[in-house]
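The values are calculated or read from the model by the stated rules, or taken from the named source; none is laboratory data. All figures in this text were calculated on a predicted structure; none of them were measured in a lab. Note: ideal-geometry Cβ built from the backbone for every residue, glycine included; neighbour counts use all protein chains shown. Side chains included, ligands, DNA and RNA excluded: accessible areas come from the protein's heavy atoms. Shrake-Rupley method; radii C 1.70, N 1.55, O 1.52, S 1.80 Å.
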Amino acid sequence: MQERYAPQSVEQDAQAYWDASGSFRVAEDASKPKYYCLSMFPYPSGKLHMGHVRNYTIGDVITRYHRMRGYNVLQPMGWDAFGLPAENAAMANKVPPAKWTHDNIAYMRSQLKGLGFAIDWTRELATCSPEYYKWNQWLFVRLFKKGLAYKKTGVVNWDPVDQTVLANEQVIDGKGWRTGAVVEKREIPMYFLRISAYAEELLAALDGMTGWPEQVKLMQKNWIGKSEGVRFGFPYQLNGESKVLNVFTTRADTIMGVTFCAVAAEHPLALHAAQNNPALAKFIEECKQGAVIEAELAQQEKKGMPTGLTVTHPISGDQVPVWVGNYVLMSYGDGAVMGVPAHDERDYEFANKYGLPINPVIRTASGDAVPAPWKPEYAEYGTNINSGKYDGLEFKASVNAVAADLKAKGLGDKHVQWRLRDWGISRQRYWGCPVPIIHCKACGDVPVPEKDLPVVLPENLVPDGTGNPLNKLTSFLDCSCPKCGQPARRETDTMDTFVDSSWYFARFACPGNDQAMVDERAGYWMAVDQYIGGIEHAILHLLYSRFFMRVMRDEGLLNVTEPFTNLLTQGMVLAELYYYDNPEGRREWINPADVTVERDAKGRAIAAKRKSDGVVVVADGIGTMSKSKNNGVDPQALIEKYGADTARFFIIFTSPPTQSLEWSDEGVEGSFRFLKRVWHYASTLGRPGKSPTPELRKATRFEIHSVLKQANYDLGKHQFNTVASATMKILNALEKLQDPSSEEAKEGLSILLRLLSPITPHLGHHLWKALGFGEDILKAPWPEPDPKALEQDEIEYVVQVGGKTRGSLKAPKAADRPALEALVTASSLVQKYVTGQAIRKIVIVPGRLINVVV
RNA sequence: GCCGGAAUGGCGGAAUUGGUAGACGCAGCGGACUCAAAAUCCGCCGACUAAUCAUCGUAAGGGUUCGAGUCCCUUUUCCGGCACCA
């Protein structure tokens with residue numbers, strides 16, 4: 001074989017072989033255990049970025065490992081092809097989103113193929129194809145008829161200049177990204193999916209999901225947000241009518257401390273009060289300015305204004321003033337809260353700002369009073385004081401008593417409140433799946449009949465930034481009512497792209513079926529055994545997918561509840577940041593590839609300069625690879641220079657999959673160097689070397705098999721970086737043996753290649769065959785350590801005196817406790833460090849450690 | 001602001017899950033080979049120290065334990081999400 005490692009030809013040959021032999025095409029096969037390995041499908045943004053390469057490399061390692069372990073492994077690929085960036089690109093280039101999207105898919109597909117992923121390409125799908133989104137529409141119609149999809153108003157960001165709805169991303173500091181106009185909140189009719197109907201089930205099932213990271217389950221739990229408390233009303237009179245202002249609280253025990261109520265700016269009571277109160281009307285108008293983004297709402301200054309109205313305290317009968325507060329969310333509960341300044345931090349701040357009374361009603365760790373400044377103890381549970389009949393009660397008893405009294409008055413009861421809101425899926429955008437509804441003057445909202453599906457999206461339009469171009473397309477708009485046949489208007493809103501991505505994994509199991517959303521093949525492949533994707537999807541995408549599986553289950557489409565048995569959330573890909581402020585005062589971000597770093601004698605960076613002109617640049621730490629900071633590394637350039645295997649090896653070796661990965665060009669060089677070393681060693685296999693001693697031979701086998709044992713353990717917990725290290729350790733051991741003709745060398749290399757092949761499949765494929773180990777490494781069995789190689793006569797014990805490590809001691813394998821104690825007390829180590837002190841006891845960890853306590 | 005993470009040499013990371021901190025690699029330093037360079041190979045490489053011993057050392061402070069990077073409490077900084085980016 002060739003002595004020089006030439007990745008390009010090796011990789012092309014391997015890919016051609018896999019292609020010709022259909023290596024990764026899979027079908028349902030009852031004779032083998034199935035394994036469905038899925039990485040989150042990409043948005044076709046133009047070209048692959050490093051995050052994609054990392055995601056798919058991790059998935060490919062898992063896929064290939066399980067394949068060699070004897071599983072029938074499905075790894076499909078598709079395109080999350082609807083979405084906002086296509087419309088932006090269309091506006092910029094005056095090209096329809098469809099063309100832009102399809103061109104991007106073609107290019108990115110070729111990139112994925114060049115990386116050698118073990119993908120079954122016969123199952124490829126794109127969510128923008130009518131064959132796919134037809135089933136979004138089909139399911140929507142079924143849910144609409146069932147009441148699980150419904151219409152109500154929802155709040156959106158409104159750009160008053162472009163007269164269009166903006167995505168949160170298009171709102172920058174409360175202003176429209178194109179117009180700079182101050183964005184307003186606006187209520188418009190939208191379709192919602194009733195995810196709240198599944199809140200209890202989605203929450204309860206988390207406990208049984210042992211294959212998911214705890215942190216993700218916790219985030220989902222908090223997002224669903226089950227709160228147990230009391231919902232009750234404050235009665236009031238309005239225009240001679242008796243009404244109640246409903247609130248929800250988890251702290252009904254503090255009800256006697258209520259000194260005000262606060263309602264959201266959109267609350268009917270606020271709107272009513274504003275009718276004869278210009279100042280309040282103005283305040284409510286102000287609250288409407290700005291975006292709907294919750295993070296911004298939560299951080300804005302808490303402001304309020306009295307409505308002039310009062311309501312009656314349901315227990316004491318006192319009059320309680322009603323305020324409008326910009327911190328009260330209309331979307332949570334009833335859009336109104338009771339204010340207990342003494343025991344709630346937000347209410348405390350609000351009361352202090354506006355001079356409202358603060359009445360302590362709980363004896364806490366800080367006593368009976370609540371002097372400023374606020375202390376967290378004020379909000380803790382305690383004993384009721386100043387609370388009349390409730391005095392002396394503890395939290396639970398107090399809540400029960402209050403709830404019982406409210407119930408007796410017909411004003412309230414215990415209540416479970418969810419944070420999770422129904423899912424608004426309407427988007428006032430063109431490049432998405434049309435919502436299959438027809439608006440008829442006589443019949444109202446009529447779903448499109450199944451026989452007329454799909455409602456096909458016209459693909460030749462170019463949006464101009466002033467709203468959905470479908471609104472101007474009469475050939476799309478004009479239709480007849482499916483019920484009465486009269487002229488009607490087609491809905492132009494499209495669906496949230498999260499709808500597309502909530503069930504694609506089930507469709508991968510059923511390619512080509514134009515008669516059904518999914519079929520019995522989904523029964524074989526689902527659930528996904530291993531799902532891999534970014535931690536940024538921990539809540540929304542994963543929660544929506546869990547919801548969709550339940551909906552599809554309840555529609556009788558498939559018998560699966562949880563879509564993803566095991567979840568791996570990969571970390572972000574980061575790179576160094578460099579900038580310099582140019583003479584015009586503009587900050588220019590310099591790509592790390594264009595920067596040279598000078599170092600001192602210890603290797604610490606002392607200065608950075610731009611390569612082209614030597615101008616000094618500022619190192620600004622590290623950050624996620626992004627266009628705006630110009631620190632992206634193009635995978636394509638890397639693959640062309642070093643080959644796909646080096647890129648894959650570097651990505652796997654540098655960080656464990658769940659942690660962030662810091663890019664380093666030197667690290668890539670190091671990975672390439674290692675693959676060259678493997679190649680070179682392989683080319684010498686069988687060549688006579690020095691004659692190693694029997695001890696060295698035994699030590700080499702011991703090393704290789706211990707490393708293999710650890711690597712197999714690490715593979716099980718998806719810690720692939722140490723598996724890559726293991727392959728390096730094996731090569732180090734083989735080179736130290738200095739005899740490529742030995743049995744140890746042959747065995748060692750065959751283990752090395754199989755460990756390496758999921759990471760660097762092209763190299764593995766080529767060398768396996770070239771060295772005569774077999775025809776196809778994919779069909780080779782996974783290596784297991786030989787217990788004989790791991791046998792040892794002596795065990796090395798760590799010796800500690802008083803918990804401090806003082807050295808080590810070799811003891812016979814069979815030595816029992818008294819023997820070890822005798823050995824250690826006689827040892828020079830203990831003689832040296834105990835020096836006259838009495839030995840209190842001796843702690844022995846079998847096979848590992850002896851600690852002499854003095 | 002709320003929810004969830006993370007922090008170990010100059011750098012990426014490892015540590016058999018409470019048992020020799022720094023595996024493996026990068027960078028750096030020294031050497032071999034070479035007319036020379038590149039490539040390759042060998043050695044060194046936490047701080048303090050001339051070196052050894054000793055001591056210190058896993059973001060900061062406290063605690064539990066024979067023993068803590070690992071468990072508990074407090075704090076700091078950074079990262080992800082916050083419902084229309086995907």
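See the values below:
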quantity	calculated
Matching residues in the range A:526-577 - criterion: being over 27 Å from A:PRO657 (Cβ atoms) and open to solvent by less than 10 Å² (accessible area, probe 1.4 Å)	A:ARG550, A:VAL551, A:MET552
Residue within the range A:1-18 that is exposed (fewer than 13 other Cβ atoms within 10 Å of the Cβ), more than 30 Å from A:ALA575 (Cα to Cα) and in contact with a helix residue (DSSP H, G or I) (Cβ under 7 Å, 6 or more places away or on another chain) present	yes
Test: residue in the range A:786-796 that is buried (at least 18 other Cβ atoms within 10 Å of the Cβ) and either of a type outside the set (Gly, Ala, Ser) or in contact with a strand residue (DSSP E or B) (Cβ under 9 Å, 6 or more places away or on another chain) (or both)	no
Failed item in (1) in a helix (DSSP H, G or I); (2) surrounded by fewer than 17 Cβ atoms within 10 Å (Cβ to Cβ), with A:ALA369 passing the rest	(1)
Unmet criterion (only one of (1) farther than 27 Å from A:THR466 by Cα; (2) of a type outside the set (S, T, N, Q); (3) more than 16 Å from RNA strand B (Cβ to nearest atom)) for A:LEU125	(3)
Residues that are open to solvent by 30 Å² or more (accessible area, probe 1.4 Å) and hydroxyl-bearing (Ser, Thr, Tyr), drawn from the range A:436-494	A:THR466, A:THR474, A:SER475, A:SER480
Selected residue (criterion: nearest to A:GLU791 (Cα to Cα)) from residues of the range A:809-839 that are at pLDDT 80 or above and within 12 Å of RNA strand B (Cβ to nearest atom)	A:LYS810
Filter result (farther than 12 Å from A:LYS303 by Cα and either of a type in the set (Ser, Thr, Tyr) or open to solvent by less than 40 Å² (accessible area, probe 1.4 Å) (or both)) within the range A:338-355	A:MET338, A:GLY339, A:VAL340, A:PRO341, A:ALA342, A:HIS343, A:TYR348
Odd one out for A:LYS282, checked against (1) touching a residue at least 12 places away in the same chain (Cβ under 8 Å); (2) touching a helix residue (DSSP H, G or I) at 6+ places or on another chain (Cβ under 9 Å); (3) more than 26 Å from A:LEU420 (Cα to Cα); (4) open to solvent by 10 Å² or more (accessible area, probe 1.4 Å)	(1)
3 or more residues of a type outside the set (Val, Ile, Thr) and in contact with a Ser or Thr (Cβ under 6 Å, 6 or more places away or on another chain): qualifying helices (runs of 4 or more DSSP H) within the range A:468-569	A:540-554
Pairs where the first residue, in the range A:167-184, is over 21 Å from A:SER426 (Cβ atoms) and among the hydrophobic types (A, V, I, L, M, F, W, C) and the second is open to solvent by 20 Å² or more (accessible area, probe 1.4 Å) and away from RNA strand B (no atom under 14 Å from the Cβ), C-beta under 7 Å, 6+ apart	A:ALA181/A:PRO160; A:ALA181/A:VAL161; A:ALA181/A:LYS175; A:VAL182/A:LYS175; A:VAL182/A:GLN289
Residue list for the range A:760-775, restricted to those being in contact (Cβ under 8 Å) with a residue 24 or more places away in the chain and either outside any helix (DSSP H, G or I) or in contact with a helix residue (DSSP H, G or I) (Cβ under 7 Å, 6 or more places away or on another chain) (or both)	A:THR760, A:PRO761, A:HIS762, A:LEU763, A:HIS765, A:HIS766, A:LEU767, A:LEU771
Output for the range A:397-428, where each listed residue is open to solvent by 30 Å² or more (accessible area, probe 1.4 Å) and assigned to a strand (DSSP E or B)	A:ASP413, A:LYS414, A:HIS415, A:VAL416, A:TRP418, A:ARG427
Boolean, A:LEU143 is without any contact (Cβ under 8 Å) to a residue 60 or more places away in the chain, part of a helix (DSSP H, G or I), in contact with a strand residue (DSSP E or B) (Cβ under 7 Å, 6 or more places away or on another chain) and hydrophobic (A, V, I, L, M, F, W, C)	no
Among the candidates A:GLU576, A:GLU598, residue that is within 29 Å of A:GLN8 (Cβ to Cβ), of a type in the set (D, E, K, R) and within 11 Å of RNA strand B (Cβ to nearest atom)	A:GLU576
Selection within the range A:634-670 - assigned to a helix (DSSP H, G or I), over 16 Å from A:PHE720 (Cβ atoms), open to solvent by less than 40 Å² (accessible area, probe 1.4 Å) and within 14 Å of RNA strand B (Cβ to nearest atom)	A:TYR642, A:VAL668, A:GLY670
Odd one out for A:THR722, checked against (1) within 22 Å of A:MET1 (Cα to Cα); (2) within 16 Å of RNA strand B (Cβ to nearest atom); (3) among the polar types (S, T, N, Q)	(1)
Count of residues meeting criterion [touching a residue at least 60 places away in the same chain (Cβ under 8 Å) and of a type in the set (Val, Ile, Thr)] in the range A:64-100	1
Subset of the range A:174-216 that is within 28 Å of A:SER502 (Cα to Cα) and among the aromatic types (Phe, Trp, Tyr) - its residue that is surrounded by the most Cβ atoms within 10 Å (Cβ to Cβ)	A:TYR191
